[in-house]
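*Asks:* The following block contains the structure, expressed as structure tokens.
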Ligand SMILES: Nc1ncnc2c1ncn2[C@@H]1O[C@H](COP(=O)(O)OP(=O)(O)O)[C@@H](O)[C@H]1O
Ligand SMILES: Cc1ncc(COP(=O)(O)O)c(N)n1
């Protein structure tokens, strides 16, 4: 009798398994962190590894120094020889496909130089430089000898440099930085040193109720603002921010969107771990794995939100579907089969338990078509059924709080009528805005803003926009043709669900706007 080998994992041997043989090799975005080790694991290489892991990005490491460090301060620093740093760089860069390099503590000029040599030899998609010089505890991590290396060699190669206030000041020859306008001036001067983008971090800005960072891309300034979390656990925020930016760039994000995601991540992680107690010193580490408390499919999404999904946005209405004798799930199924690119469950008169049951069924339908499903207003239902996100109005939960509750992964949309509301939605960490009502509608008694109002909002909105309100076959094309690039699609209710055949209506509407 033929001998059958059983592998311990219970799988058929490779050569006999056609399914395994057909499997495509899969690639994970890859960040290389070139930084120092922090024995307390709050900052440095350890923070970078945790940040990348929690953003679902692979992180390799080249260690430049080993520090004896805890929540009180830095007790010792052992700098590795530049030859050994060069050897590590060569090992990783010559073999593994690195997308983005992120640098932290670079404690000697020799190390800066071998890094620049290796970056020239093995070019990568992006270089993120966190110019670590002084720890938050006030200890020196890189002396003035490396400054020339930063200014002359490394910064001109950087896609972004992320100094905190002290580091920005040192890079510019000890200029005092005390206000947001000082930060803007510093960002401009540092940009003149050669990096493509600059983020001056304001975690240590005195007398500021908010944590404000200034981003400058050589043309425009952005003040990125989040409320300041009241916690001692801010050790490693700078390293984490830079790693998170690197991770998002490795996934393919644009620079501004990577920076915004990273900032939202820091805010959410600090909120999540504000009461954590590790160590007796003044500055504790925080917990990077907030997403793990909510292990779910969305944790494996590589790109959290694709604005193109706003093209044909189906918003349900149970009264209409009841009138035509179909369930919400049947209506959603027809809409996604007809080509709806995103769905929102807007069910105002339904018990929570029923809402949850319906949401779970609709989620299954949407996932099978790779269409995101959002829930109107109800953050509790969004979390309970692990929907892709929530859509909120101006009188619902504020978007900043929704972001804190939902974490950085979920999609958040906000209804906006005015440019001011659109600006606030962006500051609060929303992903898109729904703008309207453009035309009068039966689903909401509301002031309409018309095509001009829509244009005004689109022109200032930094977020993608979907138009809503009285939109259907007759006027959808006119809306799509208003000629503003961030208008990504139309959201419709009656045009799909107050009709006999949802499938046909969706197909027809898609044909008109595509
Ligand atoms: N208490 C806080 N609440 C919210 N965000 C914070 C807080 N402290 C720092 N941040 C943010 O963390 C990031 C790192 O900033 P900062 O602490 O200034 O850098 P570093 O760790 O290099 O000193 C920035 O985006 C900053 O705005
Ligand atoms: C090895 C190493 N790298 C970087 C930092 C900066 O982090 P922080 O500014 O939070 O002290 C640090 N303390 N240690």
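Computed from the coordinates by the stated procedures, all read-outs in this text should not be read as laboratory data. In this text the structure is predicted, and so the values were computed from the model without any measurement. As a convention, Cβ positions derive from the backbone with ideal geometry for all residues, glycine included, and neighbour counts pool all protein chains shown.
*Asks:* So how do 358-369, 32-43, 389-400, 55-66 stack up, highest first, on mean other-Cβ count within 10 Å? All intermediate terms of the calculation are to be shown ahead of the outcome.
*Replies:* Values: 358-369: 18.0, 32-43: 25.3, 389-400: 19.9, 55-66: 21.7.
With the highest mean Cβ count within 10 Å placed first, the list reads 32-43, 55-66, 389-400, 358-369.
*Asks:* So what is the diffusion coefficient of the range 307-513 in µm² per second by Stokes-Einstein at 4 °C and 1.567 mPa s, using a Kirkwood Rh over Cα pairs?
*Replies:* 78
*Asks:* Further question on the same structure: Once the piece of chain linking residue 349 and residue 152 is laid out straight, how much longer is it, given 0.36 nm per residue of separation minus the C-alpha distance between them?
*Replies:* Working: separation 197, 0.36 × 197 = 70.92 nm, distance 6.40 nm.
Full extension of this stretch gives 64.5 nm more.
*Asks:* Using all Cα-Cα distances in the chain, what percent lands in each 20 angstrom bin from 0 up to the longest?
*Replies:* Answer for the chain: a P(r) of 21, 47, 27, 4, 0 percent.
*Asks:* Next question. In Å and from the alpha-carbon atoms only, list the Rg and Dmax of the range 299-429.
*Replies:* Taking only Cα atoms of the range 299-429, I get Rg and Dmax of 14.4, 42 Å.
*Asks:* With r as the distance between the Cβ atoms of residue 323 and residue 368 and R0 = 35 Å, compute the FRET efficiency 1/(1 + (r/R0)^6) and round to 0.05.
*Replies:* That gives a FRET efficiency of 0.85.
*Asks:* Cα-Cα pairs above 16 Å in the range 356-472: how many percent? Please report the intermediate quantities before stating the final value.
*Replies:* Details: 4081 of 6786 pairs.
Here the tail beyond 16 Å accounts for 60 percent of pairs.
*Asks:* Which order, highest average first, do 434-440, 272-278 follow once you tally other Cβ atoms within 10 Å for each residue and take the mean per peptide?
*Replies:* My ranking of the peptides, most packed first, is 434-440, 272-278.
*Asks:* In whole angstrom, note down how far apart the Cα centers of the range 199-230 and the range 242-280 are.
*Replies:* 14
*Asks:* What list do you get for 216, 286, 84 if you sort them by fewest beta carbons within 10 Å?
*Replies:* Result, fewest neighbours first: 84, 216, 286.
*Asks:* So how far apart, in nm, are the two label points at residue 276 and residue 337 if each is 7 Å from Cα heading toward Cβ?
*Replies:* Using points 7 Å along Cα→Cβ, the separation is 4.7 nm.
*Asks:* Compute for the range 344-384: radius of gyration divided by Kirkwood radius, i.e. Rg/Rh, restricted to C-alpha atoms, rounded to two decimals.
*Replies:* On the way: Rg = 9.7 Å, Rh = 10.3 Å.
Taking Rg over the Kirkwood Rh, I get 0.94.
*Asks:* OK, next. Among 220, 153, 337, 248, what is the fewest-to-most ranking by other Cβ atoms within 10 Å?
*Replies:* Ranked by crowding around the Cβ, least crowded first: 220, 337, 153, 248.
*Asks:* What percent antiparallel are the DSSP beta bridges of the range 30-295, to the nearest 5?
*Replies:* 40
*Asks:* On to the next question. Classify the range 20-92: rounded, prolate or oblate, from the alpha-carbon gyration tensor (a ≥ b ≥ c, eigenvalue square roots; a/c under 1.5 rounded; otherwise prolate if a/b is larger than b/c)?
*Replies:* Verdict is oblate for the range 20-92.
*Asks:* Please state the relative contact order of the chain as a whole percent: Cα pairs under 8 Å, 6+ residues apart?
*Replies:* Worked out over the chain, it gives 10 percent.
*Asks:* For the range 36-146, what proportion of DSSP beta bridges, expressed in % and rounded to the nearest 5, is antiparallel? Write out the running numbers ahead of the final one.
*Replies:* Numbers: 6 of 13 bridges.
Counting DSSP beta bridges with both partners in the range 36-146, the antiparallel share is about 45 percent.
*Asks:* Further, regarding this structure: Kindly identify the range 30-295 as rounded, prolate or oblate by the Cα gyration tensor criterion: order the square roots of the eigenvalues as a ≥ b ≥ c, call it rounded if a/c is under 1.5, otherwise compare a/b with b/c, prolate if a/b is larger, else oblate.
*Replies:* It comes out rounded by the Cα gyration axes.
*Asks:* Order of 324, 426 from fewest to most other C-beta atoms within 10 Å?
*Replies:* On the way: 324 14, 426 21.
Ordered from fewest to most neighbouring Cβ atoms within 10 Å, 324, 426 come out as 324, 426.
*Asks:* In addition: Before rounding to the nearest 500, sum -39500 (n - 2.57) across all DSSP H runs of length at least 4 in the chain and divide by the residue total; then give [θ] at 222 nm in deg cm²/dmol. Write down the numbers at each step before the final one.
*Replies:* On the way: 19 runs with 190 residues, N = 514.
For the chain, the value works out to -11000 deg cm²/dmol.
*Asks:* For the range 30-295, what relative contact order do you get, as a whole percent, if you take Cα pairs closer than 8 Å and at least 6 residues apart?
*Replies:* Relative CO of the range 30-295 lands at 20 percent.
*Asks:* Same structure, new question: Starting from the Cα of residue 83, step 7 Å along the direction of its Cβ; do the same at residue 512; then give the gap between the two resulting points in nm.
*Replies:* Distance between label points: 7.4 nm.
*Asks:* Scaled to the compact-protein estimate 2.2 N^0.38 Å, what is the alpha-carbon radius of gyration of the range 123-281, rounded to two decimal places? Don't skip to the answer; put the middle values down first.
*Replies:* On the way: Rg = 15.0 Å, N = 159, 2.2 N^0.38 = 15.1 Å.
The value comes to 0.99.
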